[in-house]
Amino acid sequence: AAGGRAFASGLAAEDAVLHLLAPGDHLIVPDDAYGGTYRLVDRVWGRLGITHTPVALGDLDAVAAAWRPETRMVWAETPTNPRLGIVDIAGLASLAHERGGRLVVDNTFATPWLQQPLTLGADIVVHSSTKYLGGHSDVVGGLVAANDAEVLEHLWFVQNSVGAVPSPWDCFLTLRGIKTLAVRMDRHCATAATVAAALAGHPGVSQVLWPGLPDHPGHELAARQMRGFGGMVSFVVRGGEQTALAVAAGTRLWTLAESLGAVESLIEHPHRMTHASVAGSALEVPAGLIRLSVGLETPDDLVDDLLGALERAGA
């Protein structure tokens, strides 16, 4: 990137980017976006005259069909949160640019080590540095990177005007985390592969969502545009919501918590936790889905704990 800005949180970073839009503008968002992003777009910016349409961004024809004369921006996540969908960044960038729009990519799950959207044509990249960039569950922050001088000037103006600045200590902690990002991400990816394989063969699991699995619909695309497949794994239990809740609450090594991307392994139930704000909307998450943030513990211990929780839940 030509430059970037550090913010006090991931949502503060996203909010600064959305200030590029004006009342009457239209935004295309993923149909499985992070719940906090959708809440910001729908319930904050929607009141200020910005309209939006949720679209399956993996389908470029659907994106083209949703484009309006007033569309100014496409907001993408890849992999998505929590269904781990994969988006063709280069294809989406080309589509947006042909129509005079910008492509923003939330690269939090992939990190700059596994994926570099700007090199694939994206205009703006956002990160919640609370997650993998910090990596130790002890900092809250956000980052925006871009190449366009006008965008960078806009980011500086908005941040200065609204005061969405991180503390020096948070910046120090984030810089510390970035020093080990590459080695941590390689371990996250390797262990996620072990966990995903164990879940894929379990009779109580109906679906495993991880781009590294050959049967994942975005596997080939992820292999082309990512260095590795990431440390996030989601899966759907056959027993539905109550079984999912029992599994999420029944682990001993995996910690029940909403965050992700740190050295500790976390488990959560998006329908009740991170994505509760999109309940009843087009972005509602299946009630039987569980999201895992695979940490740096011994892989066999993580698998044993997860399989034990499934057994205790009757899955």
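The values are calculated or read from the model by the stated rules, or taken from the named source; none is laboratory data. None of these values were measured; they are calculated from a predicted model. Neighbour counts run over all protein chains shown; Cβ positions are idealised from the backbone, glycine included. Quick note on the areas: whole protein, heavy atoms, side chains included, nothing else; ligands and nucleic acids left out. Shrake-Rupley method; radii C 1.70, N 1.55, O 1.52, S 1.80 Å.
Structure data summary
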item: Odd one out for Thr37, checked against (1) of a type outside the set (Lys, Arg); (2) in a helix (DSSP H, G or I); (3) open to solvent by 20 Å² or more (accessible area, probe 1.4 Å); result: (3)
item: Leading residue by the ranking (most open to solvent (accessible area, probe 1.4 Å)) among those in the range 108-139 that are assigned to a loop (DSSP other than H, G, I, E, B) and over 12 Å from Gly261 (Cα atoms); result: Gln116
item: Selection within the range 70-84 - under 13 Å from the mean Cα position of the chain (by Cα) and surrounded by fewer than 24 Cβ atoms within 10 Å (Cβ to Cβ); result: Arg83
item: Leading residue by the ranking (farthest from Arg5 (Cα to Cα)) among those in the range 148-161 that are surrounded by 12 or more Cβ atoms within 10 Å (Cβ to Cβ) and either within 24 Å of the chain's Cα centre (by Cα) or touching a residue at least 24 places away in the same chain (Cβ under 8 Å) (or both); result: Asp148
item: Counted residues, the range 87-105 - those being within 30 Å of Ile290 (Cβ to Cβ) and open to solvent by less than 20 Å² (accessible area, probe 1.4 Å); result: 5
item: Residue satisfying all of: in the range 252-269; assigned to a loop (DSSP other than H, G, I, E, B) and open to solvent by less than 20 Å² (accessible area, probe 1.4 Å); farthest from Leu11 (Cα to Cα) among these; result: Trp254
item: Within the range 178-226, tally of residues that are outside any helix (DSSP H, G or I), in contact (Cβ under 8 Å) with a residue 40 or more places away in the chain and of a type in the set (D, E, K, R); result: 0
item: Where Glu284 falls short, out of the listed (1) out of contact with any His (no Cβ under 8 Å at 6 or more places or on another chain); (2) assigned to a loop (DSSP other than H, G, I, E, B); (3) within 13 Å of Pro82 (Cβ to Cβ); result: (1)
